[in-house]
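Asks: One structure is given below, represented as structure tokens, and several questions about it will come after.
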Amino acid sequence: MDIFSKRDGPRPEDVKARKLLQDNAGTIRRLADTISNGGFTKMKQDQARRREEPKPEGLMIHDLKAPSKSELPEPYVKVSLNNRVVLADKSNGRQLQMLGEIRGNSFARRFVLATSENGFFSPIDDEMRAAIGALDNQEIGGTMTEKDLARRLTELLGLEQS
């Protein structure tokens, strides 16, 4: 029966091989450069250069995110192409609050308020519901267009008209 036990630390032959490579590192580099016509040293220099952190000195850094004109949002009512009706910020265009959406086909379209009863995950608060609740299930079509809906919501919410 043979019993193999695991040793702590590296094997003696690995230690000897590592010592041999470290003692002859200069000769090995010279041979590698001779064989590769200087490519080995160039490869090592390229690797070292890629590992360096970029230095911002003398560089022009461009921030590609949308500039923010002001800290306070300027809300306006927006009816998007996918029939969502939202409060958005004029300065950056980001959505602030979902008000509802226009549902139905081209013959019978209506504005549906963003409430949990209507299937929305983030419903509007009670204060906003009291302000614009009269427009829930408002038909959109002949007498009231999407622009009229946006204008009416703007009036009911007390926003500045643009």
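The values are calculated or read from the model by the stated rules, or taken from the named source; none is laboratory data. Computed from a predicted structure; not experimentally measured. Methodologically, a virtual Cβ is constructed for each residue, glycine included, from the backbone with ideal geometry; neighbour enumeration extends over all protein chains shown. Areas reflect the complete protein model, heavy atoms only, side chains present, ligands, DNA and RNA absent. Shrake-Rupley method; radii C 1.70, N 1.55, O 1.52, S 1.80 Å.
Asks: For residues that are within 33 Å of the chain's Cα centre (by Cα) and among the small types (Gly, Ala, Ser), scanning just the range 141-158, find the one that is most open to solvent (accessible area, probe 1.4 Å).
Replies: Restricting to residues being within 33 Å of the chain's Cα centre (by Cα) and among the small types (Gly, Ala, Ser), the top hit is GLY158.
Asks: Scan the range 64-86 and tell me whether some residue there is over 21 Å from GLY158 (Cα atoms), open to solvent by 80 Å² or more (accessible area, probe 1.4 Å) and among the charged types (D, E, K, R).
Replies: yes
Asks: To continue, here is another question. What are the residues in the range 22-63 that are of a type in the set (Asp, Glu) and either at pLDDT below 75 or open to solvent by 100 Å² or more (accessible area, probe 1.4 Å) (or both), if any? Write out each step before concluding.
Replies: Within the range 22-63, the subset of a type in the set (Asp, Glu) is 23, 33, 46, 52-53, 57, 63.
Scanning the range 22-63 gives ASP23, GLU52, GLU53, GLU57, ASP63.
Asks: Just checking, how many residues over the range 95-129 are surrounded by fewer than 18 Cβ atoms within 10 Å (Cβ to Cβ), closer than 18 Å to LEU157 by Cα and charged (D, E, K, R)? Let's see the steps before the verdict.
Replies: Narrowing the range 95-129 to residues surrounded by fewer than 18 Cβ atoms within 10 Å (Cβ to Cβ): 95-98, 103-110, 115-123, 125-129.
Now narrow it down to the ones that are closer than 18 Å to LEU157 by Cα: 95-98, 115, 123, 125-129.
Of the ones still in play, those that are also charged (D, E, K, R) are 125-127, 129.
Summing the residues that are surrounded by fewer than 18 Cβ atoms within 10 Å (Cβ to Cβ), closer than 18 Å to LEU157 by Cα and charged (D, E, K, R) in the range 95-129 gives 4.
Asks: Scan the range 113-128 and give yes if some residue there is under 29 Å from the mean Cα position of the chain (by Cα) and assigned to a strand (DSSP E or B), otherwise no.
Replies: Yes.
Asks: Which of the helices (runs of 4 or more DSSP H) contained wholly in the range 1-106 include at least 1 residues that are on the phi > 0 side of the Ramachandran plot?
Replies: Here the list is empty.
Asks: While we're on this one: Report whether or not VAL85 is touching an Asp or Glu at 6+ places or on another chain (Cβ under 9 Å), of a type in the set (Val, Ile, Thr), within 30 Å of ALA134 (Cα to Cα) and in contact (Cβ under 8 Å) with a residue 40 or more places away in the chain.
Replies: Working: touching an Asp or Glu at 6+ places or on another chain (Cβ under 9 Å): yes; of a type in the set (Val, Ile, Thr): yes; within 30 Å of ALA134 (Cα to Cα): yes; in contact (Cβ under 8 Å) with a residue 40 or more places away in the chain: yes.
Yes, satisfied.
Asks: Only one of GLN138, GLN161 is open to solvent by 100 Å² or more (accessible area, probe 1.4 Å) and more than 14 Å from MET98 (Cα to Cα); which?
Replies: Details: GLN138 fails: open to solvent by 100 Å² or more (accessible area, probe 1.4 Å).
Only one candidate passes the filter, namely GLN161.
Asks: Moving on. Is the range 81-91 home to any residue that is at pLDDT below 90 and touching a Pro at 6+ places or on another chain (Cβ under 6 Å)?
Replies: Yes - at least one qualifying residue is present in the range 81-91.
Asks: Within the range 97-104, does at least one residue satisfy the condition of being touching a residue at least 60 places away in the same chain (Cβ under 8 Å) and in contact with a strand residue (DSSP E or B) (Cβ under 7 Å, 6 or more places away or on another chain)?
Replies: Going through the range 97-104, the residues touching a residue at least 60 places away in the same chain (Cβ under 8 Å) turn out to be none.
No.
Asks: While we're looking at this one, here's another question. Taking GLU139 as the residue in question, decide whether it is over 15 Å from LEU87 (Cβ atoms), acidic (Asp, Glu) and in a loop (DSSP other than H, G, I, E, B).
Replies: Working: over 15 Å from LEU87 (Cβ atoms): yes; acidic (Asp, Glu): yes; in a loop (DSSP other than H, G, I, E, B): no.
Considered against the rule, which asks whether it is over 15 Å from LEU87 (Cβ atoms), acidic (Asp, Glu) and in a loop (DSSP other than H, G, I, E, B), GLU139 comes out as no.
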